[in-house]
Amino acid sequence: MSLTPDSEVRSRDELVTFVRELHQDYLRRGHEWENQSLDHFLEALAAWMDDSPGWYRNFEKKLPEEGDWTFLARALQAATVYE
């Protein structure tokens, strides 16, 4: 699982695949992750999203303005109850 600065997720299916790979990576080597608990992971997620304009600038990329932010928010919320 690798998402380089030049990688792009172009569809919902690709996003699903990426999240599944992320989950498998956690199962294999989650003990190596910086944020091993859900509370630390969510805090880091929020912090990175807040700081993301700087990340995009550092890699000379344009922050996507047309992203479906509501989809991502709904997916995160749904994961709290979905089985």
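The values are calculated or read from the model by the stated rules, or taken from the named source; none is laboratory data. The structure presented is a predicted model; accordingly, all values stated were derived computationally and were not measured. Neighbour counts are summed over all protein chains in view; Cβ atoms, including those assigned to glycine, are modelled from backbone coordinates with ideal geometry. We work out accessible area using only protein heavy atoms, side chains counted, and drop any ligands, DNA or RNA first. Shrake-Rupley method; radii C 1.70, N 1.55, O 1.52, S 1.80 Å.
Tabulated results
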quantity: Near pairs, Cβ below 9 angstrom, 6+ apart or cross-chain, from segment 52-66 (open to solvent by 100 Å² or more (accessible area, probe 1.4 Å)) to any residue that is assigned to a loop (DSSP other than H, G, I, E, B); calculated: Arg57/Leu63; Asn58/Pro5; Glu60/Pro5
quantity: Of all residues making up segment 23-44, the number that are surrounded by 13 or more Cβ atoms within 10 Å (Cβ to Cβ) and within 15 Å of Ala79 (Cβ to Cβ); calculated: 2
quantity: Residue under evaluation Ala73, criteria (1) under 12 Å from the mean Cα position of the chain (by Cα); (2) part of a helix (DSSP H, G or I); (3) surrounded by 11 or more Cβ atoms within 10 Å (Cβ to Cβ), criterion not met; calculated: (3)
quantity: Scan of segment 48-63 for residues that are assigned to a helix (DSSP H, G or I) and either touching a strand residue (DSSP E or B) at 6+ places or on another chain (Cβ under 6 Å) or aromatic (Phe, Trp, Tyr) (or both), ordered by number; calculated: Trp48, Trp55, Tyr56
quantity: Evaluation of Glu65 against (1) modelled with pLDDT of 90 or more; (2) more than 15 Å from the chain's Cα centre (by Cα) (one fails), failing number; calculated: (1)
quantity: Residue match in segment 9-26 (condition: part of a loop (DSSP other than H, G, I, E, B) and under 12 Å from the mean Cα position of the chain (by Cα)); calculated: yes
